[in-house]
Amino acid sequence: MNTQIAYSPQSSRSRRGQKYAGMLANIAVAGLLAVSVPAMAQVLGTASNFAVLGATPSVANTGPTVVSGSIGVFPALIISGFPPGLITPGTGSLRFGDAVAQQAQTDNTAAFGVLTGLASAAIPAQLGGQVLGPGVYRPIVGDFDLTGTLTLTVPGLYVFQTAAGFVTSSGGTSAVNVGGASPCDIWWTVPSSATIGTGSVMAGNVLALTSITIGTGASLNGRALAQTGTVTLASNAVTACAGGSTPGFIVPPLPAALPPLNAMGGPTLSEWAMILLAGLLAIAGASTLRRQ
């Protein structure tokens, strides 16, 4: 017996409609993911514009410190010691308790939460002499301490989550050899205060819950960002790193100067266009599904 299958234009249209609806839904999801990428791409947010950021009572300097990048303080209003300290022309400005410094502190706090929340592996607390590849690390016991040279071998994300404080020894005996890594991909999260000892050669973004003290003659290729305390400088070279290679933790190139306040308050025109496109595609997909 021959069995005939009836052809239904309506069912064919229904299948085509479902196919198109699925395509629209997939495109909409892709659009929404594209919109979310800028928010994920820069863990520091506006704090990336700052080489030095303090909270209270001040940011204080003695001697001929040279900073590449902006110096800010919030909620306090005092940045002392500039001059004789100076900001490399064209790299930034002083921000005294204004809306820009306030937003940077908000972003700094958020970044600290993201970085401290990463799963980590336990390693010896004394970092001097260790040779490490990319990873997220915490001390087996105690706090990270650096006497000697820590060598980071290849590009990638390096996060050091100390238990409380962090100290590098004085006397020029402490250094971070970045090897193939980018200083912008190196992060130090310090739940209390950090001390970079006299003459140390330090690399990475130092995010401390309380204060950061950089000893006389020490250098920092990265950032000193304190959430609730002061940043103390003494004849240092502090260079806000530019670039970075790690997905999800990319810090953009250092701008020539901070943008105007109204340029920092919301999405750019291209981001609004992506948001609108994603919304329209999602609505179109849902409408097509309802017609089926």
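Just so it is clear, none of the values below were taken in a lab; they were calculated from the coordinates. Please read these numbers as outputs of a predicted model, since none were measured by experiment.
5 Å is the cut-off here: which amide hydrogens, built 1.01 Å from N in the peptide plane, fall below it relative to ALA164, excluding neighbours closer than 5 in sequence?
Distant-sequence amide H within range of ALA164: PHE144.
Quick one: length gained pulling ALA121 to ASP98 fully straight, 0.36 nm per residue minus the C-alpha distance?
Details: separation 23, 0.36 × 23 = 8.28 nm, distance 3.88 nm.
Length gained between ALA121 and ASP98: 4.4 nm.
Please turn the phi angles of the stretch 49-65 into ³J(HN,Hα) values with the Karplus equation 6.51 cos²θ - 1.76 cosθ + 1.60 (θ = phi - 60°), one per residue in order, whole Hz, x for glycine and proline.
6, 9, 8, 9, 9, x, 10, 8, x, 5, 10, 10, 10, 10, x, x, 5
Would you grab the residues whose amide H sits under 5 Å from the one on ILE123? Only those 5+ places off in sequence or on another chain, please, with H modelled 1.01 Å from N.
Excluding prolines and chain starts, which carry no amide H, the hits are ARG138, ILE140.
Find how much the distance from ALA163 to ALA110 grows on full extension, using 0.36 nm per residue of separation minus their present alpha carbon separation; answer in nm with one decimal. All intermediate terms of the calculation are to be shown ahead of the outcome.
Numbers: separation 53, 0.36 × 53 = 19.08 nm, distance 1.84 nm.
Computed gain between ALA163 and ALA110 is 17.2 nm.
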